[in-house]
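First the structure, in the form of C-alpha cells, and then the observations on it.
The values are calculated or read from the model by the stated rules, or taken from the named source; none is laboratory data. These numbers were taken from a predicted model, which means no experiment stands behind them. Ideal geometry is used to build each Cβ from the backbone, glycine not excepted, and the neighbour counts take in all protein chains shown. Accessible surface areas use protein heavy atoms only, side chains included; no ligands, DNA or RNA. Shrake-Rupley method; radii C 1.70, N 1.55, O 1.52, S 1.80 Å.
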Amino acid sequence: MRPTVGVMNCNLPGHFGHHRYLRYHDLQSAQYGGRVQKVSLNAGFTCPNRDGSLGRRGCTFCNNAGFTPAYLHRLRGVPQQLDEGITRLRDRFPNIRHFFAYFQAYTNTYGELESLKAQYEAALAHPDVDGLVIGTRPDCLPEPLLEYLGKLARSVPVEIEIGIESCNDTALRRVKRGHDFAASVDAIWRVAARGLPVTGHLLFGLPGETRESQLEAAATLSQLPLASLKLHQLQVIRGTAMARDWRRNPASLPLLGVADYVELVVDFLERLSPTIAIQRIGSEVPARMRLAPDDAIPLSALQPRVATRLAERKTWQGRLFQG
Ligand code: SF4
C-alpha cells in the first residue's frame, strides 16, 4: 500500500524527541510507519548550465560524479537502476519499509513534459517504489509540469528538491549558477502552492559568502514554505572549474574546516524556524573525488559532532528564531 502524502511539523522549539533539531528521517518514519529510503537514479538528463542554454561549463563546484553512486554510471534504464539500487539497499538496511525513486543526477525537470512523465511513471511502475523525489534547479519548474506533479501527488508522495545553494546573489554569480535567489523564492512558493513538499539544498562556504550572510539565510529561508533543508559544506571536487582555480591559488578559496562548519551549522540551526526539518547535515564526497579540504570526515561522524555541539551549547533549532 502506498503511504499517504504530506510532511508533519513540530512547532515546539527544543522539543524534537531525543534530538535538538527537527530530523526529517524521524518525521518520515513516523508518517509512513517505518524507514523510507531514497533510491538514487541517473535518468540521463542534462542541465541548462551544461547544454549551452545558460552555459556549457556548469556551476563551478559541480561534478555530478561526486554526488552520484558509482553503479549508476554504468546502468541504463530507470527500472534496471531501481532493481540494482533496491537490492543493494535491502542488503545494507534490512528494515527499510518504503523506497522512493530519487531522480538525483543533473536537472530532473529539464526536458519535454511527455518525456519527463515517461521517466517518472517508469519509476512508479516499479513494484517496490512508493514515491518520487525529484531534484532540480529553481528555474526549471514550468507550470504545466507543476500542474502534472500536483495531480500526481494526490495519489502518491512526490517531493521536490530545489538547489537554492545560497541566498546571496554575489555568491550565486561567483559560482556561475545562472539564476539568482529570487528564482528560488519564486520556485519554492509555486511548488508549495501545488501541495508538493519542498526541500531546499544549501551549500555553505561558497566564495562571496560571509559568516553573517549565511546566518541571515536562516531567517530568510524561514519565511518560505520549505518542508526541509539539506545542508552541505563546500568541498572542492576533482574535474570542476573550482578545482582548477583552487590548484592555481588555494588561498583564493578559504574552505571551512570541520570545526568551523559544525559551529556554523549550530548557529544556523538556532536561527532557523523549528518547523523546517533537516534532511542532511553535511556532504560526503568520495575521497577519490575530493581535492580539498583535507580534514573532511564521514557524515556518520559529522552528525554526532553537530549533536554534541548543540548539547554543549545548551541550544537547539529555532532558539533564536524570530517568527
Ligand atoms: S550543480 Fe546542477 S545546475 Fe549546476 S551544473 Fe551541476 S547539474 Fe547543472
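In Å and on Cα atoms, what radius of gyration and Dmax does the stretch 27-312 show?
Rg then Dmax for the stretch 27-312, in Å: 18.3, 52.
Rounded to whole Hz and in sequence order, give me ³J(HN,Hα) for the stretch 42-54 from the Karplus expression 6.51 cos²θ - 1.76 cosθ + 1.60, θ = phi - 60°, writing x for Gly and Pro.
Going residue by residue, I get 10, 8, x, 6, 10, 7, x, 8, 10, 8, x, 4, 10 Hz, with x marking Gly and Pro.
So with the 1.4 Å probe, I'd like the accessible area per residue for the stretch 27-312, rounded to whole Å².
On a per-residue basis, 41 Å².
Which residues in the stretch 249-293 have a backbone N closer than 14 Å to a point placed 7 Å from the Cα of E312 along the Cα-to-Cβ line?
258-267
Checking the a/c ratio against 1.5 first, then a/b against b/c, what shape does the Cα gyration tensor give for the stretch 58-199?
Oblate, since a/c reaches 1.5 and b/c is not below a/b.
How far apart, in nm, are the 7 Å Cα→Cβ label points at E114 and Q223?
Reported label-point gap for E114 and Q223 is 4.3 nm.
Under a crude label model (7 Å from the Cα following the beta-carbon direction), how far is R56 from D169 in nanometres?
2.8 nm
What part of the accessible area of the stretch 93-223, given as a whole %, is carbon or sulfur when the probe is 1.4 angstrom?
Result for the stretch 93-223: 52 percent of the exposed heavy-atom area is carbon or sulfur.
Using just the C-alpha positions of the stretch 122-273 as equal point scatterers, what log10 of I(q)/I(0) does the Debye formula give at each q in 0.10, 0.11, 0.21 1/Å?
Each listed q corresponds, in turn, to -0.41, -0.49, -1.29.
Compute the FRET efficiency between N95 and E212 as 1/(1 + (r/R0)^6), taking r as their Cβ-Cβ distance and R0 = 41 Å, and round to the nearest 0.05.
So the FRET efficiency works out to roughly 0.45.
To the nearest 10 square angstrom, what accessible area does F204 show with a 1.4 Å probe?
10 Å²
What is the distance, in nm, between label points placed 7 Å from the Cα along the Cα-to-Cβ direction at D186 and at Q322?
Using points 7 Å along Cα→Cβ, the separation is 3.0 nm.
List the residues whose amide H sits under 5 Å from the amide H of L291, counting only those 5 or more places along or on another chain, with H placed 1.01 Å from N in the peptide plane.
V236, I237, R238
When all protein chains stay in place, what accessible area (Å², nearest 10, 1.4 Å probe) is found for E143?
Answer for E143: close to 70 Å² accessible.
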